[in-house]
Amino acid sequence: MVFNTGAALLDAIVLAVVCKEEEGTYGYKITQDVRQAIEVSESTLYPVLRRLQKDDCLEVYDVECGGRNRRYYKITEKGMAQLNLYRTEWVNYSSKITMLFSGGDIV
Amino acid sequence: MKREDFMRQLERLLEGVAAEEKKEALSYYQSYFEDAGEENEERILKELESPEKVAATIKADLGMDGAAGQGEYTERGFEDSRFVQKNPIDIRKNTAGGRQGQPESQDSSRAGSSYGYSQGQPGTEGSYGYSQGASTGDGSQRYGSSGDSKAGGQGYGGAGRGSQNSYGNYSSNSGDGRSTYSGRSGMEILLIIIIAVVTSPVWIGLVTGGGGALLGIAIAAVCVAGSLFVAGFALAGIGIGQLATGSLPIGFALTGAGLLLLAVAVLAAILCVWMCGKFVPWVLRLIGKLWNSIFSGKEKRV
């Protein structure tokens, strides 16, 4: 893609993806879901997930699956609050850019 | 390279990383391969490129590559480093080192916004604050949300714009340059209004008369300029005709007089343009301001 995805936007996308799964979701699936929206390499998301986890935006729990543990990620209250902040910011930001691109004036 | 080799190399490369972080990362990638299934193994190995790159990404996020701690993502636009340091949620300062050094990273000082996050007691209440001020200072927005951990409710509210629009206790009368403060006694205001009403026949006459006079002067100036042009051209034309056919002295005199008249006509035309473009609108604005100040004075009384 031409445009860079900044860390904040990446956080917001990951939070949005995880938020969709009420029961939580796991690393591989998160990566595939994020890839529906933006191009990310397989190694991009681990640090993001780890950070969000450390910041208490995501909580993790292990579920046994086929004789091994699978790590699930689930959004926390704090993560939801942060996601809502991002959503508001995004509407504000993107509408201005869209307006500018379409030749209108920002009111 | 096989998956086992990849994991072994990654483990070796992550030496020096805290044991817990190392375990987390290794188990993540282990699970990743398992969840992807054997059929995707080759593709993932190819996309991950090398264990070195993956290890570097992990280390960069932990601030182990030295430079990562300084990399700020300016798209977020926070300017206050205190927030960055304290804020548990604002993690951007050290992400994937590979993306540092983008051209936009130099803008950080210009963006006039800051994020703040504060939490009172863990698990009790959290509040988020966000404020943004445009560099021109003509707009400001505030978002705030507070969430109770039990209820999980949060709200965004309050958008304040243009704080300069509120004048507090006084209103400014722009017309005469005076400001009427609420501190001024009611009697004084009443007196001003009474005087204004009583003398209204006089000043209304003056204003309309003045306006009419100005209009008359403008029209006269246009007419004068026009007639001067006509006369100047006529005289100059006759003079040139005389030069060609009749006596030279009369011809020269007429031509000279005609050119002089044309010069005066040009001056008059410039005066007209100035009158129409500058002076008349200025007078009209003045009248409008006077009217407004009188009008708002009356409103104040009501």
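One residue alone among A:ASN69, A:ASN84 is within 20 Å of B:SER27 (Cβ to Cβ) and not in a loop (DSSP other than H, G, I, E, B), and that residue is A:ASN69. Taking every residue in region B:199-212 that is closer than 14 Å to B:GLY288 by Cα and in the same structural domain as B:LEU286 (by TED's automatic domain parsing) and pairing it with any residue that is modelled with pLDDT under 85 and in a helix (DSSP H, G or I), at least 6 positions away or on another chain, the pairs with Cβ-Cβ distances below 6 Å are B:VAL207/B:ILE287.
I'd like the full set of residues that are surrounded by fewer than 16 Cβ atoms within 10 Å (Cβ to Cβ) and β-branched (Val, Ile, Thr), limited to region A:61-76. Scanning region A:61-76 gives a single hit, A:VAL63. Kindly evaluate A:ASP11 against the criterion of being within 9 Å of chain B (Cβ to nearest Cβ), in contact with a Lys or Arg (Cβ under 9 Å, 6 or more places away or on another chain) and either at positive phi or not aromatic (Phe, Trp, Tyr) (or both). Criteria met by A:ASP11. Do the conditions hold for A:SER94, that is, is it more than 10 Å from every other protein chain (Cβ to nearest Cβ) and out of contact with any Pro (no Cβ under 7 Å at 6 or more places or on another chain)? Yes; evaluated as a whole, the condition is true for this residue. Pairing each residue of region B:33-45 that is on the phi < 0 side of the Ramachandran plot and not assigned by TED's automatic domain parsing to the domain that holds B:MET7 with any residue that is buried (at least 18 other Cβ atoms within 10 Å of the Cβ) and at pLDDT 85 or above, provided the two are 6+ apart or on different chains, yields no C-beta distance under 8 Å. From the residues in region A:21-39 that are surrounded by fewer than 17 Cβ atoms within 10 Å (Cβ to Cβ) and farther than 21 Å from A:CYS65 by Cα, which one is modelled with the lowest pLDDT? Top of the filtered list is A:GLU39.
For beta carbons closer than 6 Å, sequence separation of 6+ or different chains, a first residue in region A:36-58 that is more than 7 Å from every other protein chain (Cβ to nearest Cβ) and a second that is assigned to a strand (DSSP E or B), the qualifying pairs are A:LEU52/A:LEU58; A:GLN53/A:VAL60; A:LEU58/A:TYR73.
The values are calculated or read from the model by the stated rules, or taken from the named source; none is laboratory data. Remember, it's a predicted structure, so these values are computed and weren't measured experimentally. FYI the Cβ positions are ideal-geometry reconstructions off the backbone, even for glycines, and counts take in every protein chain you see.
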